[in-house]
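Working notes, beginning with the structure itself.
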Amino acid sequence: MQNETIRLSQETKSRLELTPEMASRCYTCATCSSGCPASGLVPGWDARKAIRAVSLGLDQEVVDSKWPWVCTLCGRCQYACPQGIQILKTFRGLRSLRERDQVPGPLHKGTMMNLERGNNLGIPRDDFLILLAELSVELMEDDEEKPCPGFYVPVDKENANVIVTINSKEPFSEPDDLKFWWQIFYAAKEDWTVSSTNWEGVNWGLFTGDDASMKEQVHRVLENARRLKAKTILYPE
């Protein structure tokens, strides 16, 4: 029974890969929506209504709504569901059905920028390395506010214990936030490094339902770790 797909009429057949968990097991108890932090943000939609619409083959109506993008995929709905329905997989699948030029905000553009330049905001490699050097100088000065004498950012260091990925908004607009991480590494005498290329730590392909782009970014991060022989990958989020 669990491997069977829901039998819907030809007119209402869903484009998502549905199983009986969706219609046969969901009894619209609203446990998902009652604990959802996004409930009430989109008029006419909440987790329960979205799941019910999809189970009836009305997934395009949900795709065209703001609901899949207001949902943060935090997982509270799925954790609370007494029937164990795979709600997160469904909502992310709805994002994947949105035309890429209709993805809200800068998410799709950032995904394409990452594939082209190695980070979501398109920061050039040289600019990134110059910033790391400048921040290193600030931290290595021996005074009360910057207590890291001898500090430097280890770029492309081989055999480090940890390779660190970075959220591109930090070097772009909040570079001082990077120093919080580095001060911890310095105090802990951690053996770490950062790659000079493909260092982005935020996978917008994951968020937008773009599986091909998501997998490519994951592949690049893994290749950096393998190239530098790092033992552990650290994501900032």
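The values are calculated or read from the model by the stated rules, or taken from the named source; none is laboratory data. Note that the structure is predicted; figures quoted are calculated from it, not measured. Note that each Cβ is placed from the backbone with ideal geometry, even for glycine, and that neighbours are counted across all protein chains shown.
Numbers at a glance
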item	result
Residue list for segment 225-237, filter: touching a residue at least 60 places away in the same chain (Cβ under 8 Å), on the phi < 0 side of the Ramachandran plot and surrounded by fewer than 21 Cβ atoms within 10 Å (Cβ to Cβ)	ALA225, LEU228, LYS231, THR232, ILE233, LEU234, TYR235, PRO236, GLU237
Residue match in segment 187-195 (condition: in a strand (DSSP E or B), surrounded by 19 or more Cβ atoms within 10 Å (Cβ to Cβ), β-branched (Val, Ile, Thr) and at pLDDT 95 or above)	yes
Checklist (1) part of a loop (DSSP other than H, G, I, E, B); (2) in contact with a Leu (Cβ under 9 Å, 6 or more places away or on another chain); (3) modelled with pLDDT under 65 applied to GLN10, failing item	(2)
Tally, over segment 13-50, of residues that are modelled with pLDDT of 90 or more and either among the acidic types (Asp, Glu) or in a helix (DSSP H, G or I) (or both)	9
Odd one out for GLN183, checked against (1) over 25 Å from GLU116 (Cβ atoms); (2) touching a His at 6+ places or on another chain (Cβ under 8 Å)	(2)
Test for SER213: is it out of contact with any Pro (no Cβ under 6 Å at 6 or more places or on another chain), touching a residue at least 12 places away in the same chain (Cβ under 8 Å), small (Gly, Ala, Ser) and not in a helix (DSSP H, G or I)	no
